[in-house]
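Derivation of every value follows stated rules applied to the coordinates shown; laboratory data play no part. Remember, it's a predicted structure, so these values are computed and weren't measured experimentally. Cβ sites come from the backbone with ideal geometry, for glycine too, and all protein chains shown count toward neighbours.
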Amino acid sequence: MPDDEVPVLIVGGSLVGLTTAMLLGHHGVPSLSVERHAGTAIHPRAGHFQLRTMEVLRQIGLEERVRAKSLEMYSATGGIIAVESLAGRQLATYVKELNEGVEGLSPTVRVFINQDVLEPLLRERALELGATVHNRTEAIALVQDDDGVTVTLRDLDSGDEREVRARYVVAADGNRSGMRRRLGIGMRGYGRLSRSITIYFRADCGELLRDRSPGVIYVHNPQLRGFFRLDRTAGKGFLVINTVGADVTQDSAVDVQAGLTEERALRFLRTAIGTDMPMEIVDIANWQAEASWAPRLREGRVFLAGDAAHVVPPNGGFGGNTGVQDAHNLAWKLAAVIKGDAGAGLLDSYEAERLPLCVLTVQQAYTRYATRVVPERGTEGVEPAIADIEIEIGLVMRSGAILVDDDDDGVLHLDPSALNGRPGTRAPHVALGDGRSTLDLFGSRFVVVRPDGDGVDDWAPPGVQSHVIDAEPFAEMYGLSAGGAALVRPDGVIAWRSRSGAGRDELARAHATALALSPQHAPQTRTTARR
Ligand SMILES: Cc1cc2nc3c(=O)[nH]c(=O)nc-3n(C[C@H](O)[C@H](O)[C@H](O)COP(=O)(O)OP(=O)(O)OC[C@H]3O[C@@H](n4cnc5c(N)ncnc54)[C@H](O)[C@@H]3O)c2cc1C
């Protein structure tokens with residue numbers, strides 16, 4: 001007999017595990033997260049958070065807290081540039097200001113905030129929403145059957161072992177995922193790119209920045225390549241080093257860890273800063289830059305999310321953000337199935353919707369690594385770069401739970417201005433005029449939005465909220481004309497759209513499909529007369 005039972009057990013209590021716990025709590029489903037470490041992340045790692053991640057945090061009431069913390073540490077106007085060294089010439093500007101060009105696309109903004117500062121906020125919110133997190137606890141085995149998964153946990157302090165029975169398991173246990181290996185899922189892609197290091201340091205770099213705002217600063221010189229992330233005072237930060245030496249086509253160039261001593265690290269830091277000044281190394285972390293994905297995101301009742309499912313080099317800042325999107329896609333589906341609101345088949349849509357986008361994101365991160373860090377290695381196997389904004393809010397998903405338009409062209413990404421509310425994409429932001437966004441209508445349940453109608457709820461099937469929106473340019477942004485309607489899922493993705501003349505029965509069928517319910521199990525449309 002298991003010692004405990006829980007609807008969802010999450011292996012890994014870091015960025016993605018905590019986000020999953022928080023979102024499950026938001027949908028009313030308790031979870032247990034187990035995490036080997038005593039607390040949340042100790043290293044900054046992820047620092048660049050995209051619009052879509054911030055929109056997810058906004059849905060669960062964390063946006064303001066995260067933005068405030070971000071401003072304590074980073075300039076709101078930081079960009080992404082390349083220099084010879086901080087004291088040397090500027091070589092390129094990749095992104096002038098983090099939020100330049102994205103005004104009006106979202107009710108929120110991109111932010112710089114370090115993962116070690118973000119994770120405690122996620123953890124606190126997850127606990128507020130009813131999740132349980134056990135630290136110093138390791139998942140060491142799992143066995144699944146038709147009804148659930150039995151996971152063996154070890155208390156790393158006492159050594160005691162116990163078994164927990166869960167209906168579903170989310171493996172958010174990072175790039176070396178033991179769960180993934182236990183499930184026999186290998187990795188595909190580009191593999192290891194470099195044995196990189198991160199040097200955490202203090203040094204007063206303010207004067208060297210001149211008029212440049214601290215954000216992400218790539219360093220290219222004959223001694224090393226990597227990037228700085230400096231806090232708003234430019235007095236502390238970290239330096240990632242991906243290659244050493246002038247000839248980056250040599251394998252030895254991508255082994256930064258070889259022969260590393262504190263003295264050598266200090267030499268690297270001085271070279272990247274470009275001048276001698278008082279500097280102190282606080283810590284050094286060794287890690288592997290890699291670009292790979294798992295070819296399957298599910299085995300039975302176990303789902304892979306975050307770095308367990310895809311690993312990218314940090315160029316582009318996609319890793320953690322993609323993991324948050326995994327969690328966002330998966331959590332409401334697990335909750336709907338566990339609560340009996342959806343058919344178990346809905347869970348098949350997780351891999352169908354996320355895997356092609358994960359592969360695309362790994363390819364794009366690789367493109368940014370190849371072109372920004374090691375351009376001499378050539379462009380073989382390097383996909384053309386697509387704009388960051390398309391990866392953030394321009395992705396297109398397909399699955400049995402999404403009713404695509406008849407003229408669907410199969411593209412995976414588009415400029416957000418070209419999406420026009422097509423099914424499988426993020427429902428667009430339109431300001432509602434009262435300080436809210438259309439996005440504030442989504443997040444908890446299915447919502448049908450229309451440009452006209454009497455606005456009463458009984459037009460929609462039970463459980464579906466109905467809104468008539470007359471704010472400009474709602475109809476245009478959602479591709480609707482008179483009588484049209486769009487059905488938006490709890491994760492803010494458009495599941496179905498009828499451009500005009502949407503019928504109640506058609507909507508009810510679309511809702512049932514979006515929940516993987518057979519018609520006889522679908523919530524019945526009420527037949528009461530419209531008020
Ligand atoms: C230098 C650097 C810069 C980066 N910059 C960015 C950025 O700007 N933006 C961005 O989005 N991403 C960035 N990333 C990537 C980001 O840090 C990762 O994508 C993110 O940490 C993945 O989160 P995760 O929860 O999936 O995995 P992890 O953070 O690796 O967490 C997995 C957790 O699972 C635990 N665990 C593992 N096995 C078990 C087990 N059996 N039992 C219990 N616990 C277990 C581990 O202890 C760990 O805490 C960066 C990474 C690096 C290295």
Give me the log10 of I(q) over I(0) for the range 98-203 at q = 0.19, 0.21 Å⁻¹, as the Debye formula computes it from C-alpha points; what are the numbers?
-> -1.21, -1.24
Distance between the range 160-192 and the range 343-421 - C-alpha centres, whole angstrom | 24 Å
For the range 150-197, convex hull of alpha carbons as volume per residue, Å³ = 120 Å³
State which helices in the chain qualify, where a helix is a whole DSSP H run, it must extend 20 Å or more along its own axis by its Cα atoms, and its mean Kyte-Doolittle hydropathy must be at least -1.0.
-> 319-338, 348-372
May I ask you to evaluate 6.51 cos²θ - 1.76 cosθ + 1.60, the Karplus curve with θ = phi - 60°, for each residue of the range 161-173 and list the ³J(HN,Hα) values in order in whole Hz, giving x for glycine and proline?
-> 10, 8, 10, 10, 9, 10, 6, 9, 10, 10, 8, 10, 9
Round to a whole angstrom and tell me the spacing of the C-alpha centers of the range 429-480 and the range 263-320.
-> 40 Å
Quick one: compute the contact order of the chain, relative version, from alpha carbon pairs under 8 angstrom and 6+ residues apart, as a percent.
-> 14 percent
Partner aspartates and glutamates for LYS236 [C-alpha distance under 16 Å; skip if fewer than 8 residues away on the same chain] = GLU72, ASP116, ASP204, GLU207, ASP276, GLU280, ASP283
For the chain, state the semi-axes of the equivalent ellipsoid (square roots of 5 times the eigenvalues of the alpha-carbon gyration tensor), sorted largest first and rounded to whole angstrom.
-> 41, 28, 20
Take the alpha carbon atoms of the range 227-261, find their center, do the same for the range 74-153, and report the distance between the two centers in whole angstrom.
-> 21 Å
Compute the Rg/Rh shape ratio of the range 241-324: radius of gyration over Kirkwood radius, all on alpha-carbon atoms.
-> 1.10
Any idea what Rg and Dmax come out to for the range 277-328 if you just take the C-alpha atoms, in Å?
-> 15.4, 56
Towards the positive end of the charge dipole of the range 1-106, with charges on Cβ (+1 Lys, Arg; -1 Asp, Glu), say which of ILE42, PRO2, ILE60 has the farthest Cα.
-> ILE42
Quick one: putting +1 on the C-beta of Lys and Arg, -1 on the C-beta of Asp and Glu, what dipole do you get for the range 212-274 around its Cα centre, in Debye to the nearest 20?
-> 400 debye
Projected onto the charge dipole of the range 363-423 (unit charges on the beta-carbon of Lys, Arg, Asp and Glu, signs +1, +1, -1, -1), the Cα from ALA387, GLY421, THR371 with the largest positive-side position is that of THR371
Taking the Cα centre of the chain as origin and charging only Cβ (+1 Lys, Arg; -1 Asp, Glu), how large is the dipole, in debye to the nearest 20?
-> 240 debye
Using θ = phi - 60° and the Karplus form 6.51 cos²θ - 1.76 cosθ + 1.60, what ³J(HN,Hα) does each residue of the range 462-469 get, whole Hz, x for Gly and Pro?
-> x, x, 10, 7, 10, 10, 9, 10
Work out the charge dipole of the range 145-303 with +1 on the Cβ of Lys and Arg and -1 on the Cβ of Asp and Glu about the Cα centre, then indicate which of GLY300, ILE199, PHE227 is farthest towards its positive end.
-> GLY300
In debye, nearest 20, what is the charge dipole magnitude of the range 207-345 about its Cα centre with +1 on Lys and Arg Cβ and -1 on Asp and Glu Cβ, if you could check?
-> 500 debye
